[in-house]
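Input: a single structure, listed below in structure tokens.
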Amino acid sequence: MPEQHNISIPERLRPFIRQILTLDSSDISFYADGCPGIIFQQTDNDLVLNEDKKLSPVFLYGQTVDPIRMTTAGSLKMIVVCFHPHAMHPIFRLNAKEITDDCLDLRLLPPAPGINLTEQLQNTAGPEQQVRLLFDYVQQVITRNASMVDTGMAYAATHIWKAGRELSLKKLQQTLNLSERTFQRKFEQCIGIPPRLFSKISQFQAALAQLHSRKFFKLSDIAYDNGYADQSHFIRGFKKFTGLSPLSYIEKTLTPGASGQTPVGKKQ
């Protein structure tokens, strides 16, 4: 399982960065967790996305909707800088929707002044120093682009995530004084996906967290605790984001001795 790194996030970056994860596995699955981010990976061989796309050493990833699998024939070490849902658009001046379910080589973006990120990361030993280089890079980009959090979209994402499917989007639009069309457009540009899909991901993550906690007697408990209409509705929703039924997921990732992929995206 991924581990949250013990390096504290600098105060100035906390409005943009949610957490740091480190992974050590040759077979990793990413599931929808509502957040984009940056990944730095070191492997003896190529790291391949969904069996057909070779990944660069440092890349930006957008919102994950469909399950993503990364594999390599050798050993793999990975650092994941997880942004808040609303952070990628102001940092990089990108339309977040354009890289939903996709990755972008950071070398294709304008470089940060004085930082050759890929080379410096590869020549730096130890995750703590590498994480600090990533912090420096993000800060340089924020400074160059005069990045500022869109407080309206940050407010919307936070409230949708906490309330899940119980939140009235109409009331949220009224609070932000936006028309439905403007709200949808701004949310997709900033977050990368429609607000209702973001709400479904929040619901899925709450169910996934309960599944990992083992605080249930049967699957219908998870369904009803997290606002699904019934167990079948929960199973369909879970399979949409993982490609697996809940029972198959338990067998592959939670059963003692299971040799399945390392899943990323479990709510922290």
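Scan the strands (runs of 3 or more DSSP E) fully inside the stretch 1-104 and keep the ones with 1 or more residues being more than 27 Å from C190 (Cβ to Cβ).
17-23, 27-30, 37-43, 68-71, 76-83
Could you check F92 against (1) closer than 22 Å to Q41 by Cα; (2) without any contact (Cβ under 8 Å) to a residue 12 or more places away in the chain; (3) among the hydrophobic types (A, V, I, L, M, F, W, C) and say which number it fails?
Of (1) closer than 22 Å to Q41 by Cα; (2) without any contact (Cβ under 8 Å) to a residue 12 or more places away in the chain; (3) among the hydrophobic types (A, V, I, L, M, F, W, C), only one is false for F92: (2).
Which of the residues belonging to the stretch 217-228 are buried (at least 16 other Cβ atoms within 10 Å of the Cβ), without any contact (Cβ under 8 Å) to a residue 60 or more places away in the chain and assigned to a loop (DSSP other than H, G, I, E, B)?
Correct list: Y228 only.
Please count how many residues of the stretch 105-134 are touching a strand residue (DSSP E or B) at 6+ places or on another chain (Cβ under 8 Å) and closer than 20 Å to L23 by Cβ.
10
Can you tell me how many residues within the stretch 67-89 are over 19 Å from I9 (Cα atoms) and in contact (Cβ under 8 Å) with a residue 60 or more places away in the chain?
Final tally of qualifying residues: 3.
Return the residues of the stretch 107-118 that are part of a helix (DSSP H, G or I) and in contact with a Phe, Trp or Tyr (Cβ under 6 Å, 6 or more places away or on another chain); say none if nothing qualifies.
Initial filter on the stretch 107-118 (part of a helix (DSSP H, G or I)): 107-108, 117-118.
Hit for the stretch 107-118 is L117, nothing else.
Could you tell me which residue of the stretch 179-197 is farthest from H84 (Cα to Cα), considering only residues that are surrounded by 17 or more Cβ atoms within 10 Å (Cβ to Cβ) and of a type in the set (D, E, K, R)?
K186
What number of residues within the stretch 198-213 are over 14 Å from the mean Cα position of the chain (by Cα) and either over 14 Å from I250 (Cβ atoms) or in contact (Cβ under 8 Å) with a residue 40 or more places away in the chain (or both)?
So the first thing to find is which residues in the stretch 198-213 are over 14 Å from the mean Cα position of the chain (by Cα), and the list is 199-200, 203, 206-213.
Checking which are either over 14 Å from I250 (Cβ atoms) or in contact (Cβ under 8 Å) with a residue 40 or more places away in the chain (or both) leaves us with 199-200, 203, 206, 208-209, 211-212.
Of the residues in that region, 8 qualify.
Within the stretch 98-108, can one find any residue that is out of contact with any His (no Cβ under 9 Å at 6 or more places or on another chain), closer than 25 Å to E11 by Cα and not aliphatic (A, V, I, L, M)?
Scanning the stretch 98-108 turns up no residue that is out of contact with any His (no Cβ under 9 Å at 6 or more places or on another chain), closer than 25 Å to E11 by Cα and not aliphatic (A, V, I, L, M).
Only one of (1) closer than 26 Å to T151 by Cα; (2) surrounded by 20 or more Cβ atoms within 10 Å (Cβ to Cβ) fails for R93. Which number is that?
(2)
Regarding I39, is this residue of a type in the set (A, V, I, L, M), in contact with a Ser or Thr (Cβ under 6 Å, 6 or more places away or on another chain), closer than 30 Å to T151 by Cβ and in contact (Cβ under 8 Å) with a residue 12 or more places away in the chain?
No; evaluated as a whole, the condition is false for this residue.
Let me spell it out: the conditions are (1) buried (at least 18 other Cβ atoms within 10 Å of the Cβ); (2) over 15 Å from the mean Cα position of the chain (by Cα); (3) acidic (D, E), and D52 meets all of them except one. Which number is the exception?
(1)
Tell me, please, whether a residue that is in contact with a Cys (Cβ under 8 Å, 6 or more places away or on another chain) and more than 26 Å from S25 (Cα to Cα) can be found in the stretch 49-64.
No, the stretch 49-64 contains no residue that is in contact with a Cys (Cβ under 8 Å, 6 or more places away or on another chain) and more than 26 Å from S25 (Cα to Cα).
Out of (1) under 25 Å from R14 (Cβ atoms); (2) in contact with a Leu (Cβ under 7 Å, 6 or more places away or on another chain), what's the single condition that is false for L55?
With (1) under 25 Å from R14 (Cβ atoms); (2) in contact with a Leu (Cβ under 7 Å, 6 or more places away or on another chain) applied to L55, the lone miss is (1).
Bear in mind that the values in this text are calculations on the coordinates, not laboratory data. Quantities reported herein were computed from a predicted structural model and do not represent experimental measurements. Here Cβ is always computed from backbone atoms with ideal geometry, including for glycine, and neighbour counts include all displayed protein chains.
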